[in-house]
Amino acid sequence: MRHSVEKSKDRGVSRRQFIGQTLKTACGVGLMGMGLGFYSKQASTLPAMAVRPPGALPEDEFLGACIRCGACVRDCPYDILKLGQLGDEVPTGTPYFSARTGPCEMCEDIPCIPVCPTNALDHALTDINEARMGLAVVVDQETCIAFLGLRCEVCFNVCPIRGDAITLDYQHNARSGKHALFIPIVHSDACTGCGLCEKACILDEAAIKVFPTHLAKGELGKHYRLGWEEKEKAGGSLVAPDAKHEYHLPEGVRYDLQGKGLILDAKSGDEIPVSSNPLDTLNRGLEGK
Amino acid sequence: MGKTPLPVGVEAIESKGWLKAHQWLILRRLSQLLVIGLFLTGPLAGIWIAKGNLAYSMTLDVLPLTDPHILLQSVLAGVNPHRDAIVGVVIVLVFYLLVGGRVFCSWVCPVNMVTDLASWLRRKLGLRSATPLSRSTRYWVLGLTLVLPLATGSIVWELFNPVSMAFRGIVFGLGMAWVLLLGVFLFDLFVAREGWCGRLCPVGAFYSLLGHWSPVRVTAVQREKCDDCMDCFAVCPESQVIKPALKGAKKGIGPVIDFADCTNCGRCIDVCAEDVFRFGNRYAEEKHNLSETSESRDQQNRFIDAA
């Protein structure tokens, strides 16, 4: 039997067989490649709640650079980083963290970055405050208790860049009429997306969440010019000289459009040109008739 | 194959004893487990020896090792690797160039244990099936894994690669990757003999190309003692590599198994009751083959004994 096998080997394959076999394999592998390629597009979408480590390249570049070695996971002192596993929504083998359960503690020396062998975590990032892992967003003003007029400020207080990344905006509490609302405001120019605020949010489901920046941010159309900025740049109005607005008010009365409203310049009570009685205004010109 | 064959390896166990007849198999399993163990002491006991996984690792904070296949894919996707990654890849390339590329497959890769189990079961159960896949398919798949990052800018193969997924799974958590490994096992058991490692796996194909020039080879030094029991063919994961060296004396083919597909697993050495095979240095063997006489054959044996 071995002899016959040997003989058929000696005879070799015909050109027809060879080409047929090659085409078959090439087509099979080609189809497989198409399948893998398309499936990979789906499998490569990072879910909104998975946050990449600091310094991670933009997602599409990251997936070409990260070789799934897990070195960053090993050198994270707080053990917050995980690798995506088959069946997870995160692309298999790539590092991420979940802000609600384990946020980035923003180590000053950023130990996860220098161990990355391929620059998937950009070694140029040396100041953790410059990291942009995502952006915190106060996603629900209906449940955030600050909007209900209760004192909380937990997100503001745990923020590692407190006062810059999250500030408190004092607003009038219209419900009670006499209290203030302490509204947390996130500033994208300072927020690193570390997720400490999301972790700390006292709600059962956090009202402040870290999202990938592209999901969290709006973007003004490129053609927009903000008049006041352009004016400042140019040192004056660009369209026409600012004309003083005339209201044709009685003497001693001015009007401020931006807040104060009607301003009475009167020196004494007698000189007030407008009566305090509204009927006088309505009946103006009818006196003695 | 004329005589009624005993179960594979029985003659070897009878003549050499169980231990000697499983020597290389045991060493290989120890090597595979040792590699996994080096990565597991950290997460399990807090003693950090090797960090990372087979894609890239840092051992004792000094020795970087990088998988050349995956680094190549990331370079094709447009990455400039860092110094550690490059040092690591050079070390790995040199190592496998010397010992044989597919030494990775049989001595390191964790999937080998799965596919070995499948082919052992296949032999036990006497399963045979016409294999639909040619052994060269893996080189096409290798090409595919290199084209995909070029086309998509992303390391697509790593979303599917059972090799890295198995090892990463053991070290970092398996997730659903066991399904993939079960798939590989069933594929090897029922669909194609050595279907994954021998026909499809692009990682093996890459290492196989790498081992093209490696000096460490199995050689059938005592091929005239072969009694045609066929045990080596039965256990060899790349059985096509054996015949020229074992049976090619008449055609003037040397006794060195000169195929990069050979994984240097040493199972043929184990199961041969006649001790036909040994590990040897290919280049030394080739020199001897030029003047092949019974004297030089004796010298050769002595050389290999010394080695």
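Local charge sum around A:G102 (other residues, Cβ-Cβ under 13 Å, Lys/Arg +1, Asp/Glu -1)?
Here the count lands on 0.
Using the count of nearby Cβ atoms within 10 Å as a rough guide to exposure, how do A:D256, B:D84, B:D67, A:D164 rank from fewest to most?
Least to most surrounded, the residues fall as A:D256, A:D164, B:D84, B:D67.
May I ask you to derive the FRET efficiency for A:E59 and A:E229 from their Cβ-Cβ distance with R0 = 41 Å, giving the value to the nearest 0.05?
0.85
To the nearest whole number, what is the average tally of beta carbon atoms from other chains within 10 Å of the beta carbons of peptide B:135-144?
For peptide B:135-144, the averaged partner shielding equals 4.
Give the relative contact order (percent, whole number) for region B:23-90; include only Cα pairs under 8 Å separated by 6+ residues. If you can, show how the numbers build up before the last one.
On the way: 64 pairs, mean separation 13.3, N = 68.
It comes to 20 percent, rounded to a whole number.
Just to confirm the number: angle between the C-alpha axis of helix B:111-125 and the first principal axis of chain B, 0 to 90 degrees, nearest 10?
Helix B:111-125 sits at roughly 40 degrees to that axis.
Could you work out the relative contact order of chain B, using alpha carbon pairs under 8 angstrom and six or more residues apart, expressed as a whole percent?
Reported relative contact order: 24 percent.
Once you list every other residue whose beta carbon is under 12 Å from the beta carbon of A:Q21, what net charge do they have if Lys and Arg are +1 and Asp and Glu are -1? Walk me through the numbers before you get to the answer.
Working: positive: A:R15, A:R16, A:K24, B:R135; negative: none.
Local charge sum for A:Q21: +4.
What's the exposure ranking of B:T41, B:T152, going from fewest to most Cβ atoms within 10 Å?
Numbers: B:T41 13, B:T152 18.
Ascending number of Cβ neighbours within 10 Å: B:T41, B:T152.
Counting each DSSP H run of 4 or more residues in chain A as -39500 (n - 2.57), what helix-only mean residue ellipticity at 222 nm follows after dividing by all residues, to the nearest 500 deg cm²/dmol?
Result for chain A: -7500 deg cm²/dmol, rounded to the nearest 500.
Quick check on the protein assembly as shown: of the DSSP beta bridges with both residues there, what percent are antiparallel, nearest 5%?
Numbers: 34 of 35 bridges.
Looking only at bridges with both residues in the protein assembly as shown, the antiparallel portion is about 95 percent.
Rounded to the nearest 500, what is the 222 nm mean residue ellipticity of chain B from helices alone, with -39500 (n - 2.57) per DSSP H run of 4+ residues and division by all residues?
Mean residue ellipticity at 222 nm (helix-derived): -15500 deg cm²/dmol.
On a 0 to 90 degree scale, rounded to 10, what angle separates helix B:177-186 from the longest Cα axis of chain B?
20
I need the phi-derived Karplus couplings for region A:193-204: 6.51 cos²θ - 1.76 cosθ + 1.60, θ = phi - 60°, integer Hz, Gly and Pro marked x.
Values per residue, Gly and Pro as x: x, 5, x, 4, 5, 5, 4, 7, 3, 7, 6, 5 Hz.
5 Å is the cut-off here: which amide hydrogens, built 1.01 Å from N in the peptide plane, fall below it relative to B:V221, excluding neighbours closer than 5 in sequence?
B:R278
With +1 on each Lys and Arg Cβ and -1 on each Asp and Glu Cβ, and nothing else charged, work out how big the dipole of region A:137-228 is about its Cα centre, in Debye to the nearest 20.
240
Name the residues whose placed amide hydrogens come within less than 5 Å of the amide hydrogen of A:H179, ignoring near sequence neighbours (fewer than 5 apart) on the same chain.
Long-range HN contacts for A:H179: A:N173.
Is there a quick way to get the dipole size of chain B? I mean about its Cα centre, with the Cβ of Lys and Arg at +1 and of Asp and Glu at -1; what is the value in debye to the nearest 20?
420
Once you mark the chymotrypsin sites (Phe, Trp or Tyr not before Pro) that are in a DSSP loop and have at most 14 other Cβ atoms within 10 Å, what is the longest gap between them in chain A?
For chymotrypsin sites (Phe, Trp or Tyr not before Pro) (loop position, at most 14 other Cβ atoms within 10 Å), the longest site-free span of chain A is A:79-223.
Hey, can you rank A:51-57, A:172-178 by average C-beta count inside 10 Å, highest first?
Listed from highest to lowest mean packing, they are A:51-57, A:172-178.
Which whole-number percent is the relative contact order of region A:109-183 (Cα, under 8 Å, 6+ apart)?
On the way: 62 pairs, mean separation 16.3, N = 75.
Over region A:109-183, the number comes to 22 percent.
Would you mind counting up the charge near B:G198? Only other residues with Cβ under 13 Å from its Cβ, with Lys and Arg at +1 and Asp and Glu at -1.
Local charge sum for B:G198: +1.
Read-outs throughout are calculated quantities, based only on the coordinates presented, and are distinct from any laboratory measurement. No experiment lies behind these values; they were computed from the predicted model shown. Every residue, glycine among them, receives a Cβ derived from its backbone with ideal geometry; neighbour counts consider all protein chains shown.
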